[in-house]
Each structure stands twice: as C-alpha cells, then as structure tokens.
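S.K.: Just passing along the structure, written as structure tokens.
The values are calculated or read from the model by the stated rules, or taken from the named source; none is laboratory data. Remember, predicted model here, so these are calculated numbers, not experimental data. Note that each Cβ is placed from the backbone with ideal geometry, even for glycine, and that neighbours are counted across all protein chains shown. Quick note on the areas: whole protein, heavy atoms, side chains included, nothing else; ligands and nucleic acids left out. Shrake-Rupley method; radii C 1.70, N 1.55, O 1.52, S 1.80 Å.
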Amino acid sequence: MVLMISDKNNQIAQPIRNVLSLAVVPLIKIIEWPQDIYQITQLAMSRQANLVQENNLLKEQLLDAELKVQQNVSLVAENQRLRTMLSATQNSPLATSVAFVSNISQTQNQQHVVIDQGRADGLFVGQAVLNLAGVIGQVDVLSNNFAHVILITDTTHAIPIEILRTGMRTIAYGNGEKIWLKEIPTSGDIRVGDVLVTSGFGNRFPRGLKLAEVESLAVSPDRTFKTALATPFAELDLLTEVFLIWPNQTKKSATKRSEKVTTIDTPVTKDTSLNPEETVNISEEAGHLTNPETQEKQDTDTESNEQTPQYQ
Amino acid sequence: MSKQHNQSNLLIHLSILFAILLTLFPWPEKIALFQPHWVALLIAYWSLYAANTKVMFVAFAYGLILDILMGSLLGKHGMSLVALSFLVNKSAKKLRMTSFWQLLMMVMVWLFNDIVIRATIDWISYRYQPQWQDLIPLFTAAFIWPWLKYLLDRIQTSMRNS
C-alpha cells in the first residue's frame with residue numbers, strides 16, 4: 001500500500017502533495033512565528049539613531065545604485081546597437097519575484113531551503129532562484145504555498161556554466177560544500193579567480209547569471225580532465241530573501257507581492273537580474289570590461305570603490 | 001470511557017505534532033546533527049502502548065506530512081514509520097512486559113531499521129551514499145527514550161486518574 005504511493009511520486013502524486021501542503025502550512029507558521037515576533041520586537045526596540053543611520057546608509061547605496069544604472073543605460077543602448085548591427089538575438093526580458101526563505105530545518109540529506117512561495121504564486125519546477133550575489137539553485141519540490149529549492153552545491157545538482165573570461169562551456173556539479181567542475185578538457189584555459197556564469201543551455205537558467213569563482217585547480221585521477229573547485233558568490237547558509245525568475249516574460253506585477261523590506265530593494269533587484277546578462281555581452285564584445293561585479297547593485301563599499309574607476 | 005479514549009487520541013496527535021515542530025525547529029548545525037527522529041520515537045511509543053492497528057494509519061499520515069515538509073519523495077517517511085509501527089505493534093504485548101534494557105535495545109533496533117529504510121529509499125531515488133553520521137541520532141534517541149517514556153507514562157496515568 002505504501003510502496004505504491006512512494007513509487008508514483010512524480011506527477012501523479014502532485015495533487016496529494018498540494019492538498020497535504022495546505023495542512024502543513026500552519027506548522028511552518030508556528031515555527032516562523034517566534035522568529036517574526038523577535039524581529040518585530042527588535043525593530044520596535046532599535047533606537048531611532050540606529051534607524052537614521054541605517055536609512056542614511058541605504059540612501060547612499062541607492063545613490064550608488066542609481067549612478068550605476070545611469071551608466072548602464074548608455075551601455076545597454078550601445079549593446080543593443082551592436083547587437084542589431086550583428087543581427088544577433090535580443091536578450092529576453094526576465095520577470096522576477098521576491099520570496100523569503102523560511103527558517104526551517106531539513107532532515108533530508110539534500111541541501112534544500114524552503115521558500116514561502118509555491119505553485120499558487122506561479123512557480124514551476126526547475127525555476128531558477130537567485131539572490132543578490134548570484135545563483136542559488138532551482139525549485140525542486142513544489143507545494144501549494146511553499147517550495148523546496150535545491151542548492152547549487154547539492155551533490156545531485158548540476159548546472160551548465162560558462163567561464164566568463166574565455167567563454168568556455170562546461171557543467172558544474174555540487175559537491176556538498178562547493179561547486180565542482182570535473183569535465184574541463186586538459187587543454188582548456190581556466191585560472192584561479194575565473195568567474196563562472198550560467199551558460200543558458202538547457203533552458204533552465206537564463207544566460208549570464210553570476211554563479212561562482214574558481215578557487216583551486218586539479219587534475220582528475222585518470223588524468224583525462226582538469227577539475228576545478230569554485231566557491232559560490234551567494235552565501236548559501238545565510239539566505240534570507242531570494243529572487244525567482246520567469247524567463248521570456250516581460251516584467252509583470254510579480255514584485256508587488258514582495259513585502260515591507262523589499263519595497264526598497266525591488267527596483268534594485270529587477271536590475272540585478274537583468275544586468276549580469278548585459279555584462280556578459282559587453283565583456284564579450286568589448287574585452288576590457290570583464291568583471292560582472294561592476295553591475296552588481298548592492299556591492300559592499302570596498303568593492304564599489306574598486307569598480308568605479310573603470311567607469312571614469 | 002469514550003471520553004478517556006478521545007483524550008488519549010488527542011494526546012497521540014498533540015505529541016506527534018509537537019515532535020514535528022521539534023524536527024522543524026532550526027537548531028544550530030551542531031545540535032541538528034544529534035537530533036533524533038522525534039516522530040519515529042513517538043510513533044514507537046504509541047504503537048507500543050496504544051496497541052491497536054489504528055496507530056499505523058496515524059503513522060502513515062504523519063509520515064506523509066513529514067515528507068511534504070522535508071520535500072522528500074512522497075511516502076518515504078510514511079513507509080519507514082508504518083514499518084516501524086508494524087514491527088512494534090506485532091510484539092507490543094510481549095514487549096510491554098520486558099525489562100527496561102531489553103526494551104531500550106529493541107527501540108534502537110527499530111530506529112536503526114527506520115534509518116536503513118530511509119537510506120535505501122534515498123539511495124534508490126538519487127544514489128545517496130549513506131554516511132556514518134546518519135547513525136548519530138540513534139544514540140541520542142536511545143538516550144532520550146527513557147525520559148520520553150517516563151514523561152508520557154506520567155501524563156497518561158494522570159489523565160486516567162483525573
């Protein structure tokens with residue numbers, strides 16, 4: 001009796017999952033509730049000076065971001081011109097939406113995080129999930145009001161990538177903690193510090209999203225391939241909010257769903273999801289701009305200081 | 001009589017729900033490694049003392065809920081918990097008479113069986129390689145079992161007397 005149900009796990013069991021997930025939502029809420037209360041009280045107790053300080057900081061960041069956006073506009077226009085000259089295909093616009101990560105522990109031996117949006121919000125299995133720093137993973141198990149996102153570092157996850165510097169394409173596997181490229185040809189050009197972006201193959205992840213940075217190189221035991229370990233840009237154990245991507249759609253009202261905190265972030269986030277793409281194209285066409293972090297919106301101050309000279 | 005029956009039913013559900021909440025609670029990673037499989041512990045207890053086949057269905061239902069929460073293959077926890085409940089139920093009457101240590105050993109065996117079933121399903125579904133860390137919860141569970149048993153016994157007797 002039980003075996004049958006466990007066997008037909010794929011599409012047939014989805015209705016059962018949907019119905020039961022409704023029953024499960026209260027449990028998640030109960031776990032989240034004390035944490036929400038804690039956050040609310042923290043907000044209420046935080047001194048006004050702190051808030052002012054934070055506000056100023058955010059304003060500065062916003063200014064910084066807007067400056068970059070302005071510079072972007074011209075780059076985008078230029079890029080588009082070049083593309084039409086080459087009669088290349090246009091980048092398809094992306095629709096994004098913000099979801100929050102539920103702080104729920106997972107005893108499953110896979111690296112999953114639970115996010116607070118599900119099938120009811122239009123998610124689908126295999127949807128790309130990012131945060132401000134880079135790609136996190138994709139939607140793995142879908143329930144009605146929440147979804148499990150499998151992280152890129154999970155051992156069962158693989159993602160088609162491209163090395164930003166050379167444009168070489170390969171597949172990145174998770175190895176539990178980091179990302180592992182195990183199929184680089186021995187003649188392939190790869191160095192420590194290379195940035196990996198998604199290559200857009202397989203039509204799951206849009207092209208040009210930042211993923212990881214190569215950390216160390218090695219040779220496979222049978223000496224047929226070079227291998228490389230890469231550290232993801234996103235801090236995968238400190239996720240709070242993530243962005244979901246609907247490829248091939250114009251920006252829809254998805255961002256309206258985002259709540260209080262993200263009203264500040266949303267204009268920024270829309271841009272980040274678009275900009276890495278632009279970066280790739282720019283860097284391919286005009287080889288002097290190779291660092292996608294120039295476009296990253298919420299960089300730390302040090303980073304943005306490093307990057308700005310390139311523009312001026 | 002029926003009221004008492006209802007009460008013990010309520011207790012079963014409440015305790016298992018509480019166990020699920022304990023499982024979901026975001027413990028720090030070091031503690032999470034030692035986290036016993038709470039639901040399995042409680043199912044074992046209730047199938048030992050409620051001693052009817054109804055517990056098996058309860059086990060299955062909560063197993064499915066756990067599956068949904070953990071995003072695992074639908075029926076994975078369900079199956080392991082039903083198997084556990086069945087094993088306990090089969091010999092519940094005998095086991096209630098056994099000594100403390102013998103019972104503890106049996107509990108460890110059941111939970112080990114539970115872990116093996118889940119590891120097998122994981123292995124079949126996505127080639128999961130079992131690790132020795134998977135066995136740590138077994139020992140914490142063995143440590144917790146006497147206290148859990150004592151606590152639930154006390155609750156039950158106090159309910160019976162009131």
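S.K.: For the peptides B:78-91, B:99-112, what is the packing order when you average, over each peptide's residues, the other Cβ atoms within 10 Å and list the highest mean first?
M.R.: Details: B:78-91: 21.9, B:99-112: 15.2.
In descending order of packing, they fall as B:78-91, B:99-112.
S.K.: Separate question: Can you figure out the FRET efficiency of residue A:158 with residue A:187, using R₀ = 25 Å and their beta-carbon distance, to the nearest 0.05?
M.R.: 0.65
S.K.: Towards the positive end of the charge dipole of segment A:28-182, with charges on Cβ (+1 Lys, Arg; -1 Asp, Glu), say which of A:171, A:130, A:102 has the farthest Cα.
M.R.: The one lying farthest along the dipole's positive direction is A:171.
S.K.: Under a GNM of chain B (C-alpha, springs under 10 Å), which listed residue has the highest mean-square fluctuation: B:128, B:62, B:45?
M.R.: So, out of B:128, B:62, B:45, the one fluctuating most is B:128.
S.K.: What does the net charge come to around residue A:166 if you take all other residues with beta carbon closer than 10 Å to its beta carbon, with K and R at +1 and D and E at -1? Intermediate results must be reported in sequence, preceding the final value.
M.R.: Numbers: positive: A:165, A:169, A:191; negative: A:162, A:189, A:194.
Charge balance in the 10 Å sphere: 0.
S.K.: If r is the Cβ-Cβ distance from residue A:30 to residue A:169 and R0 is 51 Å, what FRET efficiency results, to the nearest 0.05? Could the numbers behind the result be given before it?
M.R.: On the way: r = 46 Å, r/R0 = 0.89.
Computed FRET efficiency for residue A:30 and residue A:169 comes out at 0.65.
S.K.: Also, I was wondering about something else. In whole percent, how big is the carbon plus sulfur part of the accessible area of chain B, probe 1.4 Å, protein atoms only? Intermediate values should be presented prior to the final figure.
M.R.: Values: 6000 of 8440 Å².
Its accessible area is 71 percent carbon and sulfur atoms.
S.K.: Right, another one. For segment B:47-87 and segment A:55-84, write down the distance between their C-alpha centroids in whole Å.
M.R.: When both Cα centres are located, 54 Å separates them.
S.K.: Then there's this: Counting only residues 5 or more places away or on other chains, whose amide H sits under 5 Å from the amide H of residue A:172 once H atoms are built in the peptide plane?
M.R.: A:159, A:161
S.K.: Mind checking the dipole of segment B:2-161: about its Cα centre, +1 per Lys or Arg Cβ, -1 per Asp or Glu Cβ, Debye to the nearest 20?
M.R.: Working: 13 positive and 6 negative charges, 120 e Å.
Roughly 580 debye, rounded to the nearest 20.
S.K.: Starting from the Cα gyration tensor of segment A:158-232, take the square roots of the eigenvalues, sort them a ≥ b ≥ c, and report rounded, prolate or oblate (rounded when a/c is under 1.5, otherwise prolate if a/b is larger than b/c, else oblate).
M.R.: Numbers: a/c = 1.55, a/b = 1.46, b/c = 1.06.
The shape class here is prolate.
S.K.: Along the Cα→Cβ direction, 7 angstrom out, place labels at residue B:96 and residue A:58. What is the inter-label distance in nm?
M.R.: 6.1 nm
S.K.: Separate question: Short version: ³J(HN,Hα) in whole Hz for each residue of segment B:25-38, in order, from phi by Karplus 6.51 cos²θ - 1.76 cosθ + 1.60 (θ = phi - 60°), x for Gly and Pro, what are they?
M.R.: Using θ = phi - 60°, the values come out as 4, x, 6, x, 4, 5, 6, 4, 5, 8, 4, x, 7, 4 Hz.
S.K.: Sum up the charges of everything whose Cβ sits under 10 Å from the Cβ of residue A:110, counting Lys and Arg as +1 and Asp and Glu as -1, but leave residue A:110 out. It would help to have the intermediate numbers written out before the result.
M.R.: Numbers: positive: none; negative: A:140, A:154, B:122.
Within the 10 Å Cβ shell, the charges total -3.
S.K.: I want the local charge near residue B:107. Using Cβ-Cβ distances under 11 Å, sum +1 for each Lys or Arg and -1 for each Asp or Glu among the other residues. Spell out each step's value before the answer.
M.R.: On the way: positive: B:149; negative: B:114.
For residues surrounding residue B:107, the net value is 0.
S.K.: For residue B:31 and residue A:73, what is the calculated FRET efficiency with R₀ set at 45 Å and r taken between the beta-carbons, to the nearest 0.05? Can you show the working numbers first?
M.R.: Working: r = 50 Å, r/R0 = 1.11.
Calculated transfer efficiency: 0.35.
S.K.: Separation between the residue B:156 and residue A:47 pseudo-spin-labels, each 7 Å from Cα along Cα→Cβ, expressed in nm?
M.R.: 5.6 nm
S.K.: Further question on the same structure: If you find the alpha carbon centre of segment A:131-205 and of segment B:115-149, how far apart are they in angstrom?
M.R.: Cα centroid of segment A:131-205 versus Cα centroid of segment B:115-149: 30 Å apart.
S.K.: Scan around residue A:184 for amide H atoms under 5 Å from its own, H built in the peptide plane at 1.01 Å from N, and keep only partners 5 or more places away or cross-chain.
M.R.: It is A:226, by chain and number.
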